[in-house]
Amino acid sequence: MRRIFIFLVVFFFAVLELHAQATLLVGEKAITLEENFALSFVIKSANATVETPSYKFPELPGLRKLGVSRSKATDIQNGQPVYSFTYSQYYQAAAPGSLLIPPAEIIVNQQSLKMEGFALQVSPSEQKEEEVEQSKAQIEDLFKGQSSVFLALTSTQFKPFVGQGFTLKFSLFIPDDNSTRYSFDRNDVQIPALIQKIRPKNCWEESFGLQEVKVSKVVYKNKKYTEYRFFQSTYFPLDAKKIVVPSLSLQMLKNTEKVVFSSKPIVIVPQELPNHPLKGKVPVGDFYLKESLSRDQVQTGDTVVYVSSVVGDGNSILWDSKLIESDYFLNFFPLGTQSSVYPYGEKMLGNKTEKILIIPSQPGKFALKSYFNWIFFNTRTATYDTLHSEAILEVSGQPSDRLLNTQSETMSLYRGLEKLAADKVIGYRWMDWRLIFNVLIGLILLWLVFLMTKAKK
């Protein structure tokens, strides 16, 4: 009996391992200098939580590693939820041009995921004029009164709204014409201690995940500097309490002599949001909507998949999932959601994507803005704003004699029937492969128990 138990445990974990295989995703192969190239893997599971896998992303020539983001999505398959866990490594190009990326591999739980070589096209930055002017102002303030080596802690915002992100960066700047030789002194001890002083309280943190010092070139008034960036993270204040980051000191070696460089303290003063019934209940940022319909002209009883993506400078993970109630005209059924936060230039962008199945019951022309909208506080206009769907669904055919009452009934009846004609839907039943699989496993186990019992006799 003990051997049978051990066998069952081993078999159970073997089945789990079988279904926990990772798949590779390669990002866009044409990006701007401000965008990042992403290399990802996905693990699917029937469980809502899975153990964090061991993984190693490759080094790619011409690209610098940034942070690793993690996202979770939910899909419905055969009426059952399936969870997808995505791990993405972001890479940043140093200059525009064409980069030849050789074949590489990602090691996930000792599994090798092969990537074929390709050409990555990096075009010049497409920063908005407003953003460029803001960057110039920040650079002016940063280099004002500086003529030699200096340590700096900077912020993209000093008066953010509560819930609005601001990015803190901690860097050392050394002029290229500097004749003195400087070297770092025990940064493995100093930097972690300084980072603890930087992190503000009462803030939600999204880290850029700098795993090593990021080295880049900066030009100010025809003078070249080398920037050594030690830390970068985006923070979303949870209340209006003042945030004070003290002066930070870094010890270095000047030839053989120890010298200390200190940054200026900075003060972040979050602003209260204007009074509103939804104050504190909606995301804060500057967002836009991307949406699509699998088709915009259908018959009654046909299925349509509506995909919405809310993207922007803000933590869009905080968006509530759309709980759309079916009515006399349209029936709605959620298929899955996916949320992610990823670095974009000096910002941390959020993206929340939802898939919803639509089954029209009545003919007509339906503007989906009557069903889908997203309310948020717009930091660009300092007002509460709403994103409305612009999609229009045209439905023809005869009115349905019977409205669908439950999600489970509809999912079992209509799941995966997009390509079937409406007159073939009635009486169709989707085969529950998971149930069949479980029955087969049970029969195999019973057969093994029978054989073991017979062997003992």
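Each value in this text was obtained by applying a stated rule to the coordinates, not by laboratory testing. On a predicted model such as this, the values are computed, not experimentally measured, just so you know. Positions of Cβ are backbone-derived with ideal geometry, glycine not excepted, and every protein chain shown enters the neighbour counts.
Overall shape: prolate for segment 21-126, with the ratio a/c of the largest to smallest alpha carbon gyration tensor axis at 1.5 or above and a/b above b/c. Extension gain for residue 28-residue 264 works out to 81.0 nm (0.36 nm per residue, less the C-alpha to C-alpha distance). Translational diffusion of segment 200-302, estimated by Stokes-Einstein from the Kirkwood radius over alpha carbon pairs at 25 °C in a medium of 0.890 mPa s, is 126 µm² per second.
Given a Förster radius of 51 Å and the C-beta distance between residue 446 and residue 193 as r, what FRET efficiency does 1/(1 + (r/R0)^6) yield to the nearest 0.05?
On the way: r = 61 Å, r/R0 = 1.19.
Rounded to the nearest 0.05, the efficiency is 0.25.
Between the DSSP loop rule and a limit of at most 10 other Cβ atoms within 10 Å, which GluC sites (Glu not before Pro) in segment 32-105 are left? The partial results should precede the final answer.
Working: sites: 34, 35, 51, 59, 105; in loops: 34, 35, 51, 59.
Here the sparse-neighbourhood loop sites are 51, 59.
Pairs with C-alpha atoms separated by more than 32 Å, drawn from the list 29/72; 159/214; 159/221; 242/347; 242/290, are 242/290. Computed from the C-beta positions of residue 222 and residue 54, the FRET efficiency with R₀ = 41 Å rounds to 0.30. Using θ = phi - 60° in the Karplus curve 6.51 cos²θ - 1.76 cosθ + 1.60, the 3J(HN,Hα) couplings for segment 189-200 round to 9, 5, 4, x, 5, 5, 4, 4, 6, 6, 4, x Hz; x is entered for Gly and Pro. Using a cut-off of under 19 Å, list every residue of segment 208-243 whose amide N is near the label point 7 Å from the Cα of residue 202 along the Cα-to-beta-carbon line. Answer for segment 208-243: 234-243. Applying both filters, DSSP loop and at most 15 other Cβ atoms within 10 Å, to the trypsin sites (Lys or Arg not before Pro) of segment 329-407 gives 380, 402.
If I take R0 = 22 Å and measure r between the Cβ atoms of residue 297 and residue 386 in this structure, what FRET efficiency does the formula 1/(1 + (r/R0)^6) give, to the nearest 0.05? Before the final figure, lay out each step's value.
Working: r = 27 Å, r/R0 = 1.23.
Computed FRET efficiency for residue 297 and residue 386: 0.20.
By other beta-carbon atoms within 10 Å, ranking 101, 266 with the fewest at the front produces 266, 101.
Please compute the volume of the convex hull spanned by the alpha-carbon atoms of segment 129-268 and report it per residue in Å³. Please report the intermediate quantities before stating the final value.
Details: hull volume 16.0 nm³, N = 140.
Hull volume over Cα atoms, normalised by residue count, gives 115 Å³.
Among the chymotrypsin sites (Phe, Trp or Tyr not before Pro) in segment 283-355, those located in a DSSP loop and surrounded by at most 11 other Cβ atoms within 10 Å of their own Cβ are 328.
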